[in-house]
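A.B. asks: Just passing along the structure, written as structure tokens.
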Amino acid sequence: MATPSGLSGSAGSTALRADFDVMRAVAAATDARNEEIRGMLQAFVARMRAVPESVWSGLAAARFQDVVDRWNSESLNLHHALARIAETIRGNERALREVAEAHSHHIAAAGDGI
């Protein structure tokens, strides 16, 4: 019979546990890449802002500032989107784990009556 913990014993439950581990690893990797990308984008913007004002003047300066502002906005949108993706993966892992454990308890309870 299945154990009350529900996630040990059979090949299927081992695969399920591995899937949960993969979900957590993907969420952590998404967080790590998110921070790497954010750092690269911030470094790029810092380099662009370091261009002397004498290079950009008049209309070119205004357009340059617009581009930098849009870049910052899109960078922030990307950062938030990747953070939401990682959190969604973690939430899905927790929900699936809870369902698997509840399912295992139901199977164990049904088997006790046989």
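The values are calculated or read from the model by the stated rules, or taken from the named source; none is laboratory data. Owing to the predicted nature of the structure, the values given are computational and were not obtained by experimental measurement. Reconstructed Cβ throughout: ideal geometry from the backbone, glycine too, with neighbour counts over all protein chains shown.
A.B. asks: Considering only residues of the range 13-27 that are surrounded by 13 or more Cβ atoms within 10 Å (Cβ to Cβ) and among the small types (Gly, Ala, Ser), which is farthest from Arg84 (Cα to Cα)?
C.D. replies: Ser13
A.B. asks: Hey, could you check the range 36-55 for residues that are under 25 Å from Asn77 (Cβ atoms) and outside any helix (DSSP H, G or I) and say which is farthest from the chain's Cα centre (by Cα)?
C.D. replies: Val51
A.B. asks: Also: Among the candidates Ala60, Ala32, Ala43, single out the residue that is at pLDDT 95 or above, exposed (fewer than 13 other Cβ atoms within 10 Å of the Cβ) and small (Gly, Ala, Ser).
C.D. replies: Result: Ala32 is the single residue among Ala60, Ala32, Ala43 that is at pLDDT 95 or above, exposed (fewer than 13 other Cβ atoms within 10 Å of the Cβ) and small (Gly, Ala, Ser).
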